Amino acid sequence: MNVIFVSPQFPSVYWQFCAALRRNGAVALGIGDTPWEALAEEVRASLDEYYWVGDLEDYDQVYRAVAYFSYRYGKPDWIESNNEHWLSLDARLREDFNVARGPRPGEVERWQSKARQKPLYAAAGVPTARQTMLTTFDETRWFIGEMGHYPVFAKPEVGVGACGTRILRSDDDLRALLRDCGAGGDGGDPPVPYVVEQLVEGDLCSWDAVLDSGGEPLFENQEEFPPSMADVVHGGLDMSYRSCPRVDPRLSELGRRTARAFGLASRFVHMEFFRLRSDRPGLGAAGDYVGLEVNVRPPGGSTPEMMNYAHATNVYQVWADMVCFDERRTEPDGTDAYCVYASRRDAHRYAHGHDEVLARWGAAVVSCGRVPDALSDDLGNYQYTARLATSEEADEFVAYVHEREGDCHGDQAGVREGSGGGSPTAGPGA
């Protein structure tokens, strides 16, 4: 097989998808915007050939790269980035080079649209928050009145993570959103499409899976995000989340139904849900799951590494097995555990220095280091990731890493909430 992988150098762990392809006998061909000599050695070693383009946003350059690979190696069998930012680029390349496998632009556009996801959730029988497109003040205010009252949650109609999201608590907040996104009718730039929806109180979870060509999971993972990414960004909170050793069967069933309704197959997927903390008429009882959004790629950053530690496996190889063989040939090699991520921000002062953290938790810490600036708004500036046997140990680890100078026994607002309370607002995860 000839597999073209877009941006194998970022995120920094994604070269492992290419290395796994080569272990399966595929030809791994990379296209990226980092010069060859600046690539890390492991990235170079994971590829059969690499084509540097000055700007991945310049479609003509990327098109020429694929044309070159097609001439040199033959028609590509697969084009993928596993990266939200490049999903539309992947789809356009598949269409222009008539690659049989993988979604085309129309499918990706439908999957990335917050509004167009709603009927697909309904077809799956998965409850979701009520939603409307942001139009005029009067129409949006009428929708808010129909739901009862403020606050409500606003987010870009197409987008990922917490970027651009807002909590609207008053008419003034709504007017400010209309003005800032260009929907005020002042003849300026075209409006940025937004949706406004119910504010859901619950714990943010995800169902992550590698799906075969029939849409059945070859691998499953459950993540939990206390607090949510939206709370982290808007409140400047310290970030923590975890990959769990087991998947709630109820969440797994909802994930599978959602995959079928969305027509998802032969992909890594990351589906976000709220687990209600109290009964909510029209949505469900406490403990029920409510659909938030579907992402047709792995969860962000280094989360695939966390899945490996949580499940004693290699998800890069599971994905490559799916691409090359449409089956899983990689089995777990060890016991399951909690893999938990806890990050710090440069703006805060913490009670325990780096050496203290490693002295207290070093046996469990599987990685630590600076977070790339491009991801730091969501994921913090410095991260510690640990593999721990119990949820209680994971809570203790997060509280220790996040404890700030002056906190009383680490009982920091946000740490305790982050350790067990979940998110009080709606917002996407990684």
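Return the residues of the stretch 273-288 that are surrounded by 16 or more Cβ atoms within 10 Å (Cβ to Cβ) and over 18 Å from the mean Cα position of the chain (by Cα); say none if nothing qualifies.
LEU276, ARG277, ARG280, LEU283, GLY284, ASP288
What's the total number of residues in the stretch 11-37 that are touching a residue at least 60 places away in the same chain (Cβ under 8 Å), assigned to a loop (DSSP other than H, G, I, E, B) and either among the polar types (S, T, N, Q) or over 11 Å from ALA320 (Cβ atoms) (or both)? Write out each step before concluding.
Looking only at the stretch 11-37, we keep the residues that are touching a residue at least 60 places away in the same chain (Cβ under 8 Å), and these are 11-14, 16-17, 19-21, 23-26.
Okay, now just the ones that are also assigned to a loop (DSSP other than H, G, I, E, B), so 11-14, 24-26.
In the following step, the residues that additionally are either among the polar types (S, T, N, Q) or over 11 Å from ALA320 (Cβ atoms) (or both) were identified as 11-14, 24.
So the answer is 5.
From the list GLU305, GLU272, GLU253, exactly one residue is more than 16 Å from GLU107 (Cα to Cα) and in contact with an Asp or Glu (Cβ under 9 Å, 6 or more places away or on another chain). Which is it? Break it down stepwise before answering.
Numbers: GLU305 fails: in contact with an Asp or Glu (Cβ under 9 Å, 6 or more places away or on another chain); GLU253 fails: in contact with an Asp or Glu (Cβ under 9 Å, 6 or more places away or on another chain).
One residue alone meets the criteria, GLU272.
Taking into account only those residues within the stretch 115-169 that are in a loop (DSSP other than H, G, I, E, B) and hydroxyl-bearing (Ser, Thr, Tyr), which is farthest from the chain's Cα centre (by Cα)? Walk me through how you get there before you give the answer.
Within the stretch 115-169, the subset in a loop (DSSP other than H, G, I, E, B) is 125-127, 129-130, 134-136, 148-151, 157, 159-165, 169.
Now narrow it down to the ones that are hydroxyl-bearing (Ser, Thr, Tyr): 135-136, 150, 165.
Numbers: THR135: 28, THR136: 31, TYR150: 28, THR165: 15 Å.
My answer is THR136.
From the list THR140, THR135, which one is polar (S, T, N, Q), surrounded by 18 or more Cβ atoms within 10 Å (Cβ to Cβ) and not assigned by TED's automatic domain parsing to the domain that holds CYS18?
THR140
Filter the helices (runs of 4 or more DSSP H) completely within the stretch 227-330 down to those with at least 2 residues that are of a type in the set (D, E, K, R) and in contact (Cβ under 8 Å) with a residue 24 or more places away in the chain.
On the way: elements: 229-235, 249-262, 303-311, 315-325.
Of the helices (runs of 4 or more DSSP H) lying wholly inside the stretch 227-330, those with at least 2 residues that are of a type in the set (D, E, K, R) and in contact (Cβ under 8 Å) with a residue 24 or more places away in the chain span 249-262.
So, of the residues in the stretch 371-394 that are modelled with pLDDT of 95 or more and either touching a helix residue (DSSP H, G or I) at 6+ places or on another chain (Cβ under 7 Å) or of a type in the set (D, E, K, R) (or both), which turns out to be surrounded by the fewest Cβ atoms within 10 Å (Cβ to Cβ)?
Among residues in the stretch 371-394 that are modelled with pLDDT of 95 or more and either touching a helix residue (DSSP H, G or I) at 6+ places or on another chain (Cβ under 7 Å) or of a type in the set (D, E, K, R) (or both), the one surrounded by the fewest Cβ atoms within 10 Å (Cβ to Cβ) is GLU392.
Being in contact (Cβ under 8 Å) with a residue 60 or more places away in the chain and either touching a helix residue (DSSP H, G or I) at 6+ places or on another chain (Cβ under 6 Å) or outside any loop (DSSP other than H, G, I, E, B) (or both) is the filter here, so list the residues in the stretch 338-351 that pass it.
Answer for the stretch 338-351, where residues must be in contact (Cβ under 8 Å) with a residue 60 or more places away in the chain and either touching a helix residue (DSSP H, G or I) at 6+ places or on another chain (Cβ under 6 Å) or outside any loop (DSSP other than H, G, I, E, B) (or both): TYR338, CYS339, VAL340, TYR341, ALA342, SER343, ARG344.
Go through the residues of the stretch 320-340 one by one and say whether even a single one is touching a Gly at 6+ places or on another chain (Cβ under 6 Å), under 26 Å from GLN9 (Cα atoms) and among the hydroxyl-bearing types (Ser, Thr, Tyr).
Taking every residue of the stretch 320-340 in turn, none turns out to be touching a Gly at 6+ places or on another chain (Cβ under 6 Å), under 26 Å from GLN9 (Cα atoms) and among the hydroxyl-bearing types (Ser, Thr, Tyr).
Does GLU80 satisfy the condition of being surrounded by fewer than 21 Cβ atoms within 10 Å (Cβ to Cβ) and at pLDDT 95 or above?
Judged against the criteria, GLU80 is not a match.
Looking only at the stretch 38-52, which residues are among the hydrophobic types (A, V, I, L, M, F, W, C), part of a helix (DSSP H, G or I) and touching a residue at least 12 places away in the same chain (Cβ under 8 Å)?
VAL43, ALA45
Residue pairs, Cβ under 8 Å, 6 or more apart or interchain, first in the stretch 53-72 and in the same structural domain as GLU84 (by TED's automatic domain parsing) and surrounded by 14 or more Cβ atoms within 10 Å (Cβ to Cβ), second of a type in the set (Phe, Trp, Tyr) and in a loop (DSSP other than H, G, I, E, B). List them.
Within 8 Å, the pairs are VAL66/PHE97; SER70/PHE97.
Residue check, GLU107 against (1) touching a Gly at 6+ places or on another chain (Cβ under 9 Å); (2) surrounded by fewer than 21 Cβ atoms within 10 Å (Cβ to Cβ); (3) in a loop (DSSP other than H, G, I, E, B), all met but one. Which one?
If we test GLU107 against (1) touching a Gly at 6+ places or on another chain (Cβ under 9 Å); (2) surrounded by fewer than 21 Cβ atoms within 10 Å (Cβ to Cβ); (3) in a loop (DSSP other than H, G, I, E, B), just (3) comes out false.
In the stretch 138-176, what residues are of a type in the set (A, V, I, L, M, F, W, C) and out of contact with any Phe, Trp or Tyr (no Cβ under 7 Å at 6 or more places or on another chain)?
If the condition is that a residue be of a type in the set (A, V, I, L, M, F, W, C) and out of contact with any Phe, Trp or Tyr (no Cβ under 7 Å at 6 or more places or on another chain), then TRP142, PHE143, MET147, VAL152, PHE153, VAL158, VAL160, ALA162, CYS163, ALA176 are the ones that fit.
Just to check your reading of the model, which residue among VAL318, VAL294 is of a type in the set (Val, Ile, Thr) and under 22 Å from PHE153 (Cβ atoms)?
Going through VAL318, VAL294 in turn, just one is of a type in the set (Val, Ile, Thr) and under 22 Å from PHE153 (Cβ atoms): VAL294.
Does ASP395 satisfy the condition of being in contact (Cβ under 8 Å) with a residue 12 or more places away in the chain and touching a Phe, Trp or Tyr at 6+ places or on another chain (Cβ under 9 Å)?
Taking the combined requirement at face value, the residue does not satisfy it.
The values are calculated or read from the model by the stated rules, or taken from the named source; none is laboratory data. What you see is a predicted model; the values in this text were computed from it and never measured. Positions of Cβ are generated from backbone atoms using ideal geometry, with glycine treated the same way; all protein chains shown enter the neighbour counts.
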